[in-house]
Amino acid sequence: MDRSFLADKDVISASRKFVCIRLATYENAEENKILAGFFSRGGVLENTVFTLLTPDGKTKLVSAGRSPVWAFGGVRGAGINAQPEVSMKKMGQTMEAIALAYPGKGKATKGSPPLPYLADLRLAMNVTAADRQPLVVVYSKSAEQRKKMEQELSKVAWSDQFIGQAQYVSASDASEFKSVKNFKATSGFVVIQPGTFGLTGEPIAVIDAKTSASKLVESLAKALDKHKPSTLTYNQHRQMGSQAGARWVSKTPNQEKEARRGGGRRPQR
Amino acid sequence: MMNRSILLVGAFLAVPFFSNAQAEAPKAAAKAEKIAWHGTWKGGLTEAQRTGKPIMLVSAVPQCHSVPGVW
């Protein structure tokens, strides 16, 4: 993931005033259509999309493109941690200005924030491996119990201590854990260490399903602390993954790859 | 030849936004402040409508040359 724009402290600070949605391109046909509605060229949904939107998700507030560079300027192809300070500042300042224009409902907001779930366990392990973060699975066969668990965990997940520190997914059947080694089908908050390539994982802790939010703070902190992120560089990761035969097959066709393979011309940047 | 050039340029341009080459200490990075992402459009949009907050939308493939576990 971006080591400049999306890791910039002012952008992260401004992001707390936004609802941040990060999708996995080509994993959901419906989401593909939504993404293409914001940015595509020649009818091709490209690998990456970035934009800022109104709270109803209908109107773009900055130019959509492949990355924040399209909206805020910067250097394409200059590598990691190489974006100009001025571009990152522009992104943070633009987000702050948008947040002033759309300050949210404040105290009039009804309900409580939901857990920021990923779509399913298979994708969640890949995403958490890519983020080099632990994954917390809310697992129970009972929908009622999962709801109670979600309510408790969401009080913790959005706190200053835990916000952005893990990914979350829900599971209702033990079969969803088929790629998780040493999984014992017990209801609970299952904290998973994803494998390097996110194709497998292993539980590093299972917290009782009935744990209250106040007790979760300590047990979750301990569990997340056991996570050991990969230390491979980008190139090492790619090289080792290729050698190991680690392959990811998207649920829907990779349109950008197909457009290139088919000899289709990619629109000019 | 043309296709190959396009492929190379595409890969090159994707690097600054969606590359994951980290040289920093991973443990320290894990505890650094990070953006909290909703992982589905439906979930995120529902939350934006509930709160009235604007949306930051990002999408990417969590693989590079089919190798997963990397943005």
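No lab work stands behind these numbers, since they all come straight from the coordinates. Quick caveat, the model's predicted, so the values are computed rather than measured. For neighbour counting, all protein chains shown are included, and Cβ atoms are generated from backbone atoms with ideal geometry for every residue, glycine included.
Data table
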| item | result |
| --- | --- |
| Pairwise label distance in nanometres, A:Lys226 with A:Glu96, each label 7 Å out on the Cα-Cβ vector | 4.1 nm |
| Segments B:48-56, A:147-155, A:107-115, A:191-199 sorted - mean Cβ within 10 Å per residue, highest first | A:191-199, B:48-56, A:147-155, A:107-115 |
| Exposure proxy order (Cβ contacts within 10 Å, fewest to most) of A:Asp8, A:Asp131, A:Asp120 | A:Asp120, A:Asp8, A:Asp131 |
| Footprinting exposure proxy for A:Ile34, A:Ile21, A:Ile98 (fewest neighbouring C-beta atoms within 10 Å first) | A:Ile34, A:Ile98, A:Ile21 |
| Cα-Cα over 19 Å, subset of A:Lys58/B:Lys53; A:Lys58/A:Lys110; A:Lys110/A:Lys147; A:Lys178/A:Lys226; A:Lys181/A:Lys226 | A:Lys58/A:Lys110; A:Lys178/A:Lys226 |
| Cα gyration tensor shape for segment A:9-101, rounded if a/c is under 1.5, else prolate or oblate | oblate |
| Set of lysines with alpha-carbon distance to A:Lys257 below 18 Å, sequence-local pairs under 8 removed | A:Lys33 |
| Amide hydrogen neighbours beyond the local backbone of A:Thr200, cut-off 5 Å, H modeled | A:Gly195 |
| The protein assembly as shown shape via C-alpha gyration tensor axes, a/c threshold 1.5 | oblate |
| Modelled FRET efficiency - R0 45 Å, A:Gln243 with A:Lys107, Cβ distances, 0.05 increments | 0.25 |
| Residue order, fewest to most surrounding Cβ atoms within 10 angstrom, among B:Ser66, A:Ser159 | A:Ser159, B:Ser66 |
| Computed helical MRE - 222 nm, the protein assembly as shown, DSSP H runs ≥ 4 contributing -39500 (n - 2.57), nearest 500 | -11500 deg cm²/dmol |
| Positive-end residue of A:Ala130, A:Ile21, A:Thr48, charge dipole of chain A with Cβ unit charges | A:Thr48 |
| Shielding score for A:36-46, defined as the mean number of other chain Cβ atoms within 10 Å | 1 |
| Segment A:121-225: C-alpha gyration tensor shape, a/c 1.5 cut-off, then a/b vs b/c | oblate |
| DSSP bridge pairs, the protein assembly as shown: antiparallel proportion in percent, nearest 5 | 60 percent |
